[in-house]
Amino acid sequence: MNTVKKDRPHPEIAEAAAVTATGVPTQAAFGDIHRPLAGSTVPPRQVRVIGLGCGDGRHTVLADWDTGRTAHEFTLHAKPVLARVAEDDRLNPGSGCERCEGLMGCEQPPRVNGLLGIPGPRRPRKRRSVSATDLRVHSRCPAQFHLTRVLHLRSGEPESEPVRRGRAVDDWLNERHRQGSCRGATLPATLPGLSEAEQPPALAMLAQHLLDCPLDGLPPDEHVRVQPRLTAYDPELDVLLIADPDLLYTRSGGWIWHETKTAARRPWEGRELMETYPQLPFAVLLMAAGVPGGDPRRSLIELEMLYESSSGCEEIDPGEPETQAEARRIIAELAGPWAVDETYAPKPGGHCAGCEMLGHCVAGRSHLEAW
Ligand SMILES: [Zn+2]
């Protein structure tokens, strides 16, 4: 979609080459199966696999093999991977369920009805998935949502400092939490992806976390899942709900859903936390609906805020009826316009400055010029 992916897995390249070398050219008419093309075709002697970046127009040759080498690469690299896939019968619910024909008869993902608090579609739509981030971006600008979250376009421009800082801090914490608590951990000298000037604030935020790591003191028999993908399915809306908590761990029979945010300053006091971070009401509704499970009375959502010279942790009880009502209101307000949108019109505003889709957006550019 954007630039040539540099790290294409070798089995994938070997498979593409093998299919090109040995496959039969076919054509599919609308609603029909693939049928061999008329006319004789000569099997190739040489196969070239080319990666093409449709965003920047660059290309790179990924493989240039004769058919002997192609067969060898397939046997060695692609075949074992394909065999593993064919044999594997574990379920792995996620956004892949969107196009799965087996979803209706599948035991996963857990069914939740009416979680988004909006009526069903007036006319049938393709099955979709949605996350709290999708809803947040859509409410800011439907065009930006469509370009970045549905079409997955990237501008190639470096991301903003807060975004890169957040990612660098998250990556380090995730790596650390896979090994256990941060007690006694030493800070790295630098974090990848940040400039020299950006290092000290990011490292200071990590230092704040080390003072109060949520996994510190957690008994060893509790479960810890780092960035697990949680999926639920609303059959009435035909929508998959997707969430990726930073950290999910058990404590005395209940799950704790832990989100970490880095920020230069405290969020504006007058605004509810759940309004500022839609992941929180989304988490409340999922937990209230029994995802990821456990004892609902012991389930809790934690928001850890990391600043340069302080930190804070807010707790939200997903079992509290008032909290649930507030979460339902916030999510329904965001989900309503998303659910019925079919045009994804741009909504120009202050957010246009710094929007990575500006190059594709006439409305955004005129807005900035007029400003
Ligand atoms: Zn930690």
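Quick look at the values:
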| item | result |
| --- | --- |
| Candidates per trypsin sites (Lys or Arg not before Pro) in the range 1-75, loop by DSSP, up to 11 other Cβ within 10 Å | Lys6, Arg45, Arg58 |
| Candidates Pro348, Pro43, Pro214: whichever shows maximal mean-square fluctuation once the chain is modelled as a Gaussian network with Cα springs under 10 Å | Pro43 |
| Residue-span extension gain [Thr22 to Val81] - 0.36 nm each, minus C-alpha spacing | 19.4 nm |
| Residue-normalised accessible area of the range 10-87, expressed per residue, 1.4 Å probe, Å² | 74 |
| Rounded to 5, the percent of DSSP beta bridges in the chain classed as antiparallel | 70 |
| Where a label projected 7 Å from the Cα of Arg154 along Cα→Cβ would reach, residues of the range 1-28 with amide N under 15 Å | 1-9 |
| Accessible area of the chain belonging to carbon and sulfur atoms, whole % at 1.4 Å probe | 52 |
| Those chymotrypsin sites (Phe, Trp or Tyr not before Pro) in the range 1-83 that DSSP places in a loop and that have at most 14 other beta carbons within 10 Å | Phe30 |
| Positive-end residue of Ala332, Thr186, Ala143, charge dipole of the chain with Cβ unit charges | Ala143 |
| Test item: Cα-centred dipole of the range 287-353, Lys/Arg +1 and Asp/Glu -1 on Cβ, debye | 240 |
| Protection proxy ranking, peptides 137-147, 115-125, 222-232, average beta carbon neighbours within 10 Å, highest first | 137-147, 222-232, 115-125 |
| The range 110-122 - phi-based ³J(HN,Hα) in whole Hz, Karplus 6.51/-1.76/1.60, Gly and Pro as x | x, 7, 10, 10, x, 5, 7, x, 10, x, x, x, 6 |
| With DNA, RNA and ligands ignored, accessible area of Asp212 (1.4 Å probe; Å², nearest 10) | 100 |
| Trypsin sites (Lys or Arg not before Pro) lying in DSSP loop within the range 169-216, provided at most 13 other Cβ fall within 10 Å | Arg183 |
| Kirkwood Rh (inverse of mean 1/r, distinct Cα pairs), the chain, angstrom | 24.1 |
| Which of Thr22, Thr60, Val81, positive extreme of dipole for the range 10-87 (C-beta unit charges) | Thr22 |
| Net dipole in debye of the range 1-81 [+1 Lys, Arg Cβ; -1 Asp, Glu Cβ; about Cα centre; nearest 20] | 80 |
| Helical segments meeting 24 Å axial Cα length and Kyte-Doolittle -0.5 threshold in the chain (DSSP H) | 321-340 |
| Contour excess over end-to-end distance, with Cα ends at Trp371 and Gln108 and 0.36 nm allotted per residue | 89.7 nm |
| Cα gyration tensor shape for the range 244-371, rounded if a/c is under 1.5, else prolate or oblate | prolate |
| Rounded, prolate or oblate (a/c below 1.5 giving rounded, otherwise prolate when a/b exceeds b/c) for the range 10-87 by Cα gyration tensor | rounded |
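The values are calculated or read from the model by the stated rules, or taken from the named source; none is laboratory data. For clarity, every value in this text was computed on a predicted model and none was experimentally measured. Every residue, glycine as well, gets a Cβ built from its backbone with ideal geometry; the counts of neighbours run over all protein chains shown. SASA here: full protein model, heavy atoms, side chains in, ligands and nucleic acids out. Shrake-Rupley method; radii C 1.70, N 1.55, O 1.52, S 1.80 Å.
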